[in-house]
Amino acid sequence: METVFGAKTDVGLKRLHNEDSLSADPELGLYIVCDGMGGRNAGEVASSMAVEIIRKHLQEARQDVNRPIIGDHDPQFSPQTNRLASAIRLANQVINGAGRGKSDQSGMGTTVVSVLVTGQVLSVAHVGDSRLYLIRGDTIEPLTADHSLVAEQVRRGILTEEEAERSPQRNIVTRALGVEETVEVELDELQLMRGDTLLLCSDGLTRGVKSAEILQTVRNEADPQAAADRLVQMANAAGGEDNTTVVLVTVKESDTKRFWQRMRSRLEALRR
């Protein structure tokens, strides 16, 4: 399926440097957002390492399909989803080793949310609280669940969604790349449809911009890059307290469907 994308990362209004990293590789069908954490510039190091290692592993696996899988193969998922998980586990190993080897990078880590588009199959892999949403028609649906302390408290009924948004512990993640020698990668798969839009983002966006506002913005902007730019502007307008990273991937609709949409729009304009 043919896709178009837009991507934007921004330091925000309160931070001194940007610890987010992204990768958008339409040739591989790979899109990644990482949000780094750690002292000094270690978060920036971890997130940039993660996107490069994941991309390189998938690129090498495309050239050599017999390349070993890192970690266990999950039979309920496709080979490409298992390969994406393998890449993330490798990134975890490398970041963890680098953190143990350098005192100024000790304890560094990063979240990751990633997708791999293979035909109509969407492979999803994530660790931490960076998110993936599916925008389909007039709906927006989260495809990932945060690995964070407040998200777990919400799932257990200890906090409401509103209380979680205000909690001083909302930045505490329960799972991240690089912190431990191994990491549990959460996986999913689904079938894409023409017209679908995927949103990968760091929590700098979702802290200040509501899902309904995201949906309206994406629907109002025909160009994914314009929509990505606008979402980052909205995050900064809401306070810009954190780095914000947005990747939007839209599955192109057929020429016939676009033609009839244009005709309907013209008819509606004539009726006004």
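The values are calculated or read from the model by the stated rules, or taken from the named source; none is laboratory data. Here the structure is a predicted model, which means the values were calculated and not measured. Counting neighbours? That spans all protein chains shown, and the Cβs are built from the backbone with ideal geometry, glycine included.
Quick grid of which residues meet (1) assigned to a strand (DSSP E or B); (2) in contact with a Leu (Cβ under 9 Å, 6 or more places away or on another chain); (3) in contact (Cβ under 8 Å) with a residue 60 or more places away in the chain:
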position	(1), (2), (3)
G107	no, no, yes
S114	yes, yes, yes
V117	yes, yes, yes
L122	yes, yes, yes
A125	yes, yes, yes
D129	no, no, yes
L132	yes, yes, yes
I140	yes, yes, yes
T144	no, yes, no
Item to check | Search result, residues across segment 129-139 that are in contact with a helix residue (DSSP H, G or I) (Cβ under 9 Å, 6 or more places away or on another chain) and either farther than 17 Å from T217 by Cβ or crowded, with 20+ Cβ neighbours inside 10 Å (or both) | outcome: D129, S130, R131, Y133, I135
Item to check | strands (runs of 3 or more DSSP E) wholly inside segment 1-96 containing at least 1 residues that are aliphatic (A, V, I, L, M) and closer than 22 Å to L187 by Cα | outcome: 20-25, 30-37
Checklist outcome for this item: Only unsatisfied item for R67, checking (1) under 29 Å from L205 (Cβ atoms); (2) without any contact (Cβ under 8 Å) to a residue 24 or more places away in the chain, is (1)
Checklist entry - Which condition does D104 not pass, out of (1) under 20 Å from the mean Cα position of the chain (by Cα); (2) of a type outside the set (A, V, I, L, M); (3) surrounded by fewer than 24 Cβ atoms within 10 Å (Cβ to Cβ), if it passes all the others? => result (1)
Checklist entry - Among all residue pairs at least 6 apart or on different chains, which show Cβ distances below 8 Å where the first residue, located in segment 186-213, is within 20 Å of I88 (Cα to Cα) and the second is among the aliphatic types (A, V, I, L, M) and assigned to a loop (DSSP other than H, G, I, E, B)? => result E186/A145; D188/L143; L190/L143
Item to check | The lone exception for A61 - which of (1) modelled with pLDDT under 95; (2) over 21 Å from the mean Cα position of the chain (by Cα) it fails | outcome: (1)
Next on the checklist: Looking at A145, A98, can you tell me which residue is under 16 Å from the mean Cα position of the chain (by Cα) and among the small types (G, A, S)?
Outcome noted: A145
Item to check | Single residue of G109, G97 found to be out of contact with any strand residue (DSSP E or B) (no Cβ under 8 Å at 6 or more places or on another chain) and not basic (K, R) | outcome: G97
Checklist entry - Can you name every residue in segment 150-159 that is surrounded by 13 or more Cβ atoms within 10 Å (Cβ to Cβ) and of a type outside the set (D, E)? => result V150, A151, Q153, V154, L159
Checklist outcome for this item: Taking segment 107-124 and keeping residues within 17 Å of E180 (Cβ to Cβ) and crowded, with 24+ Cβ neighbours inside 10 Å leaves M108, G109, T110, T111, V112
Checklist outcome for this item: By residue number, the members of segment 14-49 that are over 14 Å from N92 (Cα atoms) and among the hydrophobic types (A, V, I, L, M, F, W, C) are L16, L22, A24, L28, L30, I32, V33, A42
